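Only one structure is covered here, and it is reproduced in the block below.
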Amino acid sequence: AQKVTQAQTEISVVEKEDVTLDCVYETRDTTYYLFWYKQPPSGELVFLIRRNSFDEQNEISGRYSWNFQKSTSSFNFTITASQVVDSAVYFCALSEERTGNQFYFGTGTSLTVIP
Amino acid sequence: DVKVTQSSRYLVKRTGEKVFLECVQDMDHENMFWYRQDPGLGLRLIYFSYDVKMKEKGDIPEGYSVSREKKERFSLILESASTNQTSMYLCASSATSIRAYEQYFGPGTRLTVT
C-alpha cells in the first residue's frame, strides 16, 4: 500500500495565482516525520521542509506555507503568488521512527506556472 | 553546504554490460541511499547503507548490488544491464539521529540501456 499519496499528477496555474499541492500519508507510528522536496528541471531534489508528528503548527516561509493536519493525515503545501521559477516537480515524503532513516516518497506533483 | 556528487549525469550502456554508478558525499554522513525515479512512480528505494560495509535492501533491489568500502562513497552496480533498468538514478545521504534528518540528493544519473 502506498504510504504517501499525491493525487495531483500535474497542475498548471497562471503566474501570481495561489496553488496548493496535496499530500496524504499513512502510518501506524506515533512518531514520524514529513518532508517536502522540490525537483526543478535541472533534476536535483532540493529539501524544503521537515515536520515531526508532534508539531502541528503551520509553517510559513516567504511565499511557501505548509498545513499539517494529523486528523486527516495530510501535509499540504501552498505557494502564494506563484512565479515561473516555482515550476518543478514536488515530492512529499514520510519517515517512520521504526524504520529509521528510510523515506517513503509520493509519486510527485508536476507544477507548471504559466507566465 | 552538503555536497553529493554522482560520477555521471548521462550514461548510455548496452544490454548485458556491467555498470557502475558512483556517489560521493562530503559531509561525513553515515547513511547513503540509491533510488531510481521513473515517470508516474516517484522515487523508489533500491538499496541503502547505514555504515561502511553495511547494506540493506530497499523496495526494488532485484538486478542491483551495492558497495560501500568508504564512508563517503556508495556505489550502485548493475551486474548485467537490461533495458528495463533505463531510468534516472538518484543518490542521497543523511546524518544518523534518533530523529529523521533530511536526505541530501545528488544531481542524478540518467542511464539509458540499449
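The values are calculated or read from the model by the stated rules, or taken from the named source; none is laboratory data. Keep in mind that what you see is a predicted model, and the values were worked out from it rather than measured. All Cβ positions, even for glycine, are placed from backbone atoms using ideal geometry, and neighbour counts span all protein chains on display. Surface accessibility is based on the protein's heavy atoms, side chains included, excluding ligands, DNA and RNA. Shrake-Rupley method; radii C 1.70, N 1.55, O 1.52, S 1.80 Å.
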Calculate what fraction, in whole %, of the accessible area of segment A:19-62 sits on carbon and sulfur atoms when a 1.4 Å probe is rolled over the protein chains.
45
In percent, what relative contact order does segment B:1-110 have, based on Cα pairs under 8 Å that are 6 or more apart in sequence?
35
Expected vector for segment A:75-82, Karplus 3J(HN,Hα) from phi with 6.51, -1.76, 1.60 and θ = phi - 60°, integer Hz, x for Gly and Pro, equals 9, 8, 10, 10, 10, 9, 6, 4
Could you work out, residue by residue across B:40-46, how many beta carbons of other chains sit within 10 Å of that residue's beta carbon, and then give the average as an integer?
5
Do you know the relative contact order of chain A, to the nearest whole percent, from alpha carbon pairs under 8 angstrom that are 6+ apart?
38
Counting other Cβ atoms within 10 Å, which trypsin sites (Lys or Arg not before Pro) in segment A:35-86 have at most 13 and lie in a DSSP loop?
A:Arg63
Calculate the length of the line joining the C-alpha centroid of segment B:52-114 to that of segment A:1-61, in whole Å.
23
Karplus-derived 3J(HN,Hα), 6.51/-1.76/1.60, for each residue of segment B:61-69, Hz, glycine and proline x
x, 4, x, 10, 9, 9, 8, 9, 8
Over the heavy atoms of B:Met54, what accessible area does a 1.4 Å probe trace out, to the nearest 10 Å²?
100
Among the lysines, select those whose C-alpha is under 23 Å from the C-alpha of B:Lys71, and discard any that sit fewer than 8 residues away in the same chain.
B:Lys3, B:Lys53, B:Lys55, B:Lys57
Taking every residue of A:45-57, the Cβ atoms of other protein chains inside 10 Å of its Cβ average out to 2
Rounded to a whole number of µm²/s, how large is the Stokes-Einstein D of the protein assembly as shown at 4 °C and 1.567 mPa s, given Rh as the Kirkwood radius over C-alpha pairs?
71
Built amide H within the under 5 Å cut-off of B:Tyr47, gap 5+:
B:Trp34, B:Gly58
Estimated vicinal HN-Hα couplings, Hz - segment A:54-61 in sequence order (Karplus 6.51, -1.76, 1.60; Gly, Pro = x)
9, 10, 9, 5, 6, 10, 10, 9
